[in-house]
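First comes the structure, then the notes that go with it.
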Amino acid sequence: MIQDSFKRRLVSSLEPVLQVFCSFLILGLGSFGGPVAHIGYFQRSFVQKKQWLSDSEFSQATALCQFLPGPASSQLGMFIGYRKAGYVGALAAFIGFTLPSAALLTVLAVLENRDYQPEWVYQVIQAAKLLAVVVVADALFSMIKKSLTDKLTVCIAVLAAISVFFTNGLSGQLLPILLAAATGFLLSLMQKEPTDKTMPRSSPGKPNFVILAVFLVLLLGLPYLAVLSKEWAVFNNFYQAGSFVFGGGHVVLPLLEPLVQQWIDANTFLSAYASAQLVPGPMFTMASYLGVATLPETPVWGSVLATLAIFLPGSLLLFAFLPAWQSLLQHPRLRLSVKTITASVVGLLAAAWVDPVITSSITSGWDILVIVIGFGLLKRQLPVWCLAMIFIGYSFVI
């Protein structure tokens, strides 16, 4: 009797976790199109079909994930898993959604870094580089249209893009973001705080300071451990990148490049980014590819180390601020800072689109023509995976 009762309790506790894992694994196998598309998949699957949360809860959770640094779609997935099955459910959602793309990119990286590389791998990587030009351009123009809505945001974006060409290393990416955040906050202090009595305000919540302390200890302490070994240095650099990527997705590109350039060249970096376009799931799993390239002696361990490091900060911040998320999203001071931060991110992405994406991808006039055609097809709602097949076919013909 006792054993039967224990088994029933165990099954009942594991059932929602397995539901979360299987649901996100299926999405991880077919979620092409980047973070915006992923959020659409989540909405259809978990709000409309499964009804694990309401439209209002989904919208507010999406806003929180957009506000925090880290991969927005993955953070939203972890939130959904948490709502269904607690912290174990959040972990199941992360593993299920991330595993397919991380595994595929690890295999591609191992194939590219072998002494003998099959010709077809080279052709696929070249096709992915051209695809990256199109996909980043589409993401950039979409962000420009959505985020650069006035003179302030346009100026911040332009200055952020220019700063990349006059600064070296990570400071060229972090400094514009920090300055933009400070600018937004200072401007908000000069404005009268709006009051909207029609908007219901929840009672103020407090962040989880224990989780927040873990995030800060790692952020400040890992640089000291980085001198001990290359593994610690890799973990530190990917953790730092994951701590400062606002907007997720393609925005990780300009922040990661200066952090890994001591170990890999620009061509390998772009190959990682380009390969990430060919697989479903979150863009942050390009860290799996880069982990193999930075630790070629232990490729699988390098992939796991880099992947965990880049996702960890966003996960910690999500659960640190989750208790206070409603009151945070209603604060006008923070909303203006998020607006200016987003504008600076647009400028950084524009600079990264020029170099290294374009400069390392286009080798002939035919490439330019195919890119223009591909961009037109993408704007006409051609799925990314179909466009990938077209570019792969082109790379084998030319």
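Remarks
- For the residues Leu305, Leu369, Leu377, Leu322, the requirement of being within 20 Å of Gln240 (Cβ to Cβ) and either at pLDDT 85 or above or in contact with a His (Cβ under 7 Å, 6 or more places away or on another chain) (or both) singles out Leu305.
- Among the residues of segment 340-378, those that are under 16 Å from Pro258 (Cα atoms) and free of Cβ contacts under 8 Å to residues at least 60 places away in the same chain comprise Val354, Asp355.
- Look at segment 208-221: where a residue is closer than 14 Å to Leu322 by Cβ, no partner that is at pLDDT 95 or above and not in a helix (DSSP H, G or I) sits 6+ places away or on another chain with Cβ atoms under 9 Å.
- Number of positions in segment 221-242 that are surrounded by fewer than 19 Cβ atoms within 10 Å (Cβ to Cβ) and either over 22 Å from Phe284 (Cα atoms) or of a type in the set (Val, Ile, Thr) (or both): 6
- Contact map, segment 40-65: residues that are surrounded by fewer than 14 Cβ atoms within 10 Å (Cβ to Cβ) paired with residues that are assigned to a helix (DSSP H, G or I) and modelled with pLDDT of 80 or more, Cβ distance under 8 Å, separation 6+ or inter-chain. Pairs shown: Lys50/Ser23; Ser54/Val47; Asp55/Val47.
- Of all residue pairs spaced 6 or more apart or on separate chains, those with beta-carbon atoms under 7 Å, a first member in segment 1-27 that is within 26 Å of Thr98 (Cβ to Cβ) and a second member that is modelled with pLDDT of 60 or more and among the β-branched types (Val, Ile, Thr) are Val17/Val88; Phe21/Ile95.
- Criterion (among the β-branched types (Val, Ile, Thr) and over 22 Å from the mean Cα position of the chain (by Cα)) met by exactly one of Ile362, Ile341: Ile362
The values are calculated or read from the model by the stated rules, or taken from the named source; none is laboratory data. Because the structure is a prediction, the values reported are computed rather than measured. Using ideal geometry, Cβ is built from the backbone for each residue, glycine included, and neighbour counts are taken over all protein chains shown.
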